Amino acid sequence: MDKRTLGTGPRDSGQGQTSPLFRPRPRLSPDDDSRDLRYPNIMDGFTGTGLACIRSDRIVFAGLDFAVAPGEALVLSGPNGSGKSSLLRLMAGIAAPAAGEIAWQGSPVRDDPERFFSSMHYVGHRDAVKPALTVRENLSFHAALRGGTANLAGIETALGQVGLAALADLPARMLSAGQTRRLTLARILASPASLWLLDEPTIALDYRSVDRIRTAIAAHRGGGGMVVASTNVPLGIDDAKTIDLAEYAEDGETLWGDSVAGDSP
């Protein structure tokens, strides 16, 4: 497969067959009121059209669209290897799609990536925590990385929201796995951003912490924020749209060759 031609060639492969990168796209779940979002036009939201992802010369997914308006949430589901994390990395600008376009507030992200990055938080599988810094210092550090000075009031509020206020002066290396995850998630609360991209945010969390995250997501949406989250378990996000990545797997298999038939939650 010649990656140089991906996303630029005609939809017809030249042999009377449609290229898999441009195959017909499944709709979102019935919860989207049966709207066809293949060509969304949300001038104040976050959209993607005709997205394709390739890893190791294999198509992970193709022909995928999404649209998230202010106040909405989108949940990505599917079995391991179906491309949930890969899609979030495309959304976050960490990797480029093999085909298709991602837009922020009506403009392609590639036209002004800095504007998009300043409006977005991304939380991946790995906890970006510096073990030598205290819990509070970690939040201050990440706030400074976003180009601003630390808002002490915002940091203290975020620590309280994730239940880490009593551990604020403790070195991060002393935290448990669940506490470290909570510190990672506190970053999205300590400095504002319109869009949250969360890759399996409930990993290592107990039920109380999961409830805190649900509360934070609801408050963020209530203020007009947008959330995209991947999960292998129900997140309990009210009125969320869903995309099952299994529907976009090439030849009905995930990246690792597992059948997706009947395997997706």
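Quick note: the coordinates plus some simple rules give every number you see, no bench work behind them. Keep in mind that what you see is a predicted model, and the values were worked out from it rather than measured.
Structure summary
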read-out: Distance between the range 161-230 and the range 95-116 - C-alpha centres, whole angstrom; value: 26 Å
read-out: Using distinct alpha-carbon pairs, which all enter the 1/r mean, Kirkwood radius of the range 49-179 in Å; value: 17.3 Å
